[in-house]
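Written out below as structure tokens is the structure these notes cover.
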Amino acid sequence: MIDACGLITMQTQNWGVGNRIDHPSFGAGTITFVGADYLGIAFDDVGEILIRRESIEKHESAHHERQEPSRESMAWPTSTFIPESPDSRHFSGSHWSPFVEKSEDLLRHMPEIVQQAQLQEGYGDFRPAPRTVPQQWPVGFQLVWPQTTQGIALTLRVEEASNEIVSLFPFFTTGGQHALILHKVSVWENGLEAQITASWLEGEVTFYDARYPSNRAWYETGKAYDFILLGLAYAASPAKKHEWQIHRHPDEVAWLNQRLEEGEEPYEADCTVRMDGAAMLLPVSGWDEDDYSFHAPVKSVTEFKDWLGQDGWRVRATVIRSGDEDGDLDILITRRVWNAQTPPQVGQDIEGQLWLQGYLWMPRMRETG
């Protein structure tokens, strides 16, 4: 079936090279390759991808059965903010492992930390949002200690009698600025913490919002924002050499060879895959949504001192690639979690696990399509 805009719906089996197609995740594109099991599609926004036909058809079938409205068609704030289920679990205690053996060792000085802490402000404290949050939402603010650039952040809920601490976590303000398209905000039970899911280049990431109370009124699904992203490493080391043999699907071989530039060697079904220089950021099964494993080549290394008693390095490394564009993430590695005798080096591949956090730098003043 072809709609009024000339886009083929996913329900048709009559795929043809040159046909326009509307994919539920990647948007509009043009079919460039038709195989027995796979389609090659050049998407307008994310480039050319080889996709299994069966997955496209199942996805669209399930979408039509649910008949769910798109989030962008809903009214704000329902369009953007999703309360997490009561049985959701988070593992905030693990965020302290890069610093101490037991979190109690660091937090036993909490009374004096609160007395000495400073107010942490975000973008929303200086730039009023075009809307206000609902009156029934809890009111909160953040304090930081010992510095406004790195240390411990405390989120407090404003109550009539007193202010209550609802969370605390390690924070670091220096990181890389990234353009993201916001998909949803998963709000925790306390109403003052959240995880943001957004598209980054051709991928999707979920990260902990380190300044949610200040910036939440700015968020709207489908809109573009610049965020500062950082990864706090739970463990990191020089990457091991990984190599294995694979047998490519005939459709993949045909698709790759169709895209060869003049003078390039044709692809074969049997090949050796090596991880050297690979850029990967993958969710960790059974961990929280904002926890990832990574394999990344290092682009720069900057030493930091005395972050909650730990020295270490802010390593900028490539964790995503999209065509000619690199997705570089600043990964914070304390000496406690670095498993090597020598510091990280530029050009070296590193691997490990990390907690992804970020905060709003500024909205992009344009609509996304």
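Annotation: extensible slack from Glu303 through Arg321 equals 3.9 nm (criterion: 0.36 nm per residue apart, minus Cα-Cα distance). Only helices enter this figure: runs of n ≥ 4 DSSP H residues, each worth -39500 (n - 2.57), summed and divided by the residues of the chain, yield -3000 deg cm²/dmol at 222 nm to the nearest 500.
Across the chain, the fraction of Cα-Cα pairs farther apart than 26 Å, rounded to a whole number, is 59%. Gyration tensor over the Cα atoms of the stretch 250-293: the corresponding equivalent ellipsoid has semi-axes (square roots of 5 times the eigenvalues, largest first) of 33, 12, 11 Å. Panel order for Lys240, Lys299, by other beta carbons found within 10 Å of each beta carbon, from fewest to most: Lys240, Lys299.
A Förster radius of 30 Å, combined with the Cβ-Cβ distance separating Leu119 from Glu84, puts the computed FRET efficiency at roughly 0.65.
Based on other C-beta atoms within 10 Å, arrange Lys241, Lys184 from fewest to most.
The order, fewest Cβ neighbours first, is Lys241, Lys184.
Among His242, His95, His247, the order by Cβ neighbours within 10 angstrom, fewest to most, reads His247, His242, His95. Taking amide H as placed 1.01 Å from N in the peptide plane, the amide H of Asp326 sits under 5 Å from none that are at least 5 places away or on another chain.
A short reminder: the numbers here are calculations on the coordinates, not readings from a lab. This structure is a prediction, so every number in the text was calculated from the model and none was measured. Neighbour counts run over all protein chains shown; Cβ positions are idealised from the backbone, glycine included.
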